[in-house]
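Colleague: Questions regarding the structure given below will be posed in turn.
Nothing in this text is a laboratory measurement; each read-out follows from the coordinates by a stated rule. Since we're looking at a predicted model, the values are computed, not measured. Here the Cβ is made from the backbone with ideal geometry for all residues, glycine too, and neighbour counts use every protein chain on show.
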Amino acid sequence: QVQLVESGGGLVQPGGSLRLSCAAAGSFFRINGMGWYRQAPGKQRELVASITSGGRTNYADSMKGRFTVSRDNAKNTVYLQMNSLKPEDTAVYYCNAGIRRTAWRDEVDYWGQGTQVTVSP
């Protein structure tokens with residue numbers, strides 16, 4: 001069984017910073033792409049940032065320059081460093097990873113449980 005375990009959410013003032021972590025736990029062959037999505041109340045889930053196994057990154061336009069995605073392949077962990085946070089960044093943030101359980105199985109999308117980020121004075 002594979003799980004993505006997130007941590008690092010919380011309440012922060014505008015202009016502040018937070019760092020989210022997401023670790024893949026369980027038995028698997030390989031983790032391909034990893035990333036972060038977010039969902040604000042009444043809105044659809046949207047991509048925040050993603051990173052390939054080789055370290056190539058992709059960001060949503062509104063996060064460029066403020067957020068940084070990184071990963072530690074040895075720890076099966078992806079991080080999201082969020083700086084200059086704004087109230088509109090308030091959302092539940094979800095970790096995502098494409099994981100192959102064995103060498104002969106196709107990649108499957110896994111999701112974390114979500115962590116709340118609230119940006120408020």
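Colleague: In nanometres, what is the gap between the two model label sites at LYS64 and SER84, each 7 Å from Cα along Cα-to-Cβ?
Modeller: 1.3
Colleague: Pull up the cross-link candidates among the lysines for LYS86, meaning alpha carbon to alpha carbon under 26 Å and not fewer than 8 places away within one chain.
Modeller: Result set, ordered by chain and number: LYS43, LYS64.
Colleague: Remind me, what semi-axes does the chain give for its equivalent ellipsoid, largest first in whole Å, using sqrt of 5 times each Cα gyration tensor eigenvalue?
Modeller: Value: 26, 14, 12 Å, ordered largest first.
Colleague: Apply the Karplus curve 6.51 cos²θ - 1.76 cosθ + 1.60, θ = phi - 60°, to the phi angles in the range 94-102 and return the couplings in whole Hz, x for Gly and Pro.
Modeller: 10, 8, 9, 8, x, 10, 9, 5, 9
Colleague: Work out from phi, with θ = phi - 60° and the Karplus expression 6.51 cos²θ - 1.76 cosθ + 1.60, the ³J(HN,Hα) of each residue of the range 79-88, listed in order in whole Hz, and give x for Gly and Pro.
Modeller: Once θ is set to phi - 60°, the couplings for the range 79-88 become 10, 9, 8, 10, 10, 6, 5, 10, x, 6 Hz.
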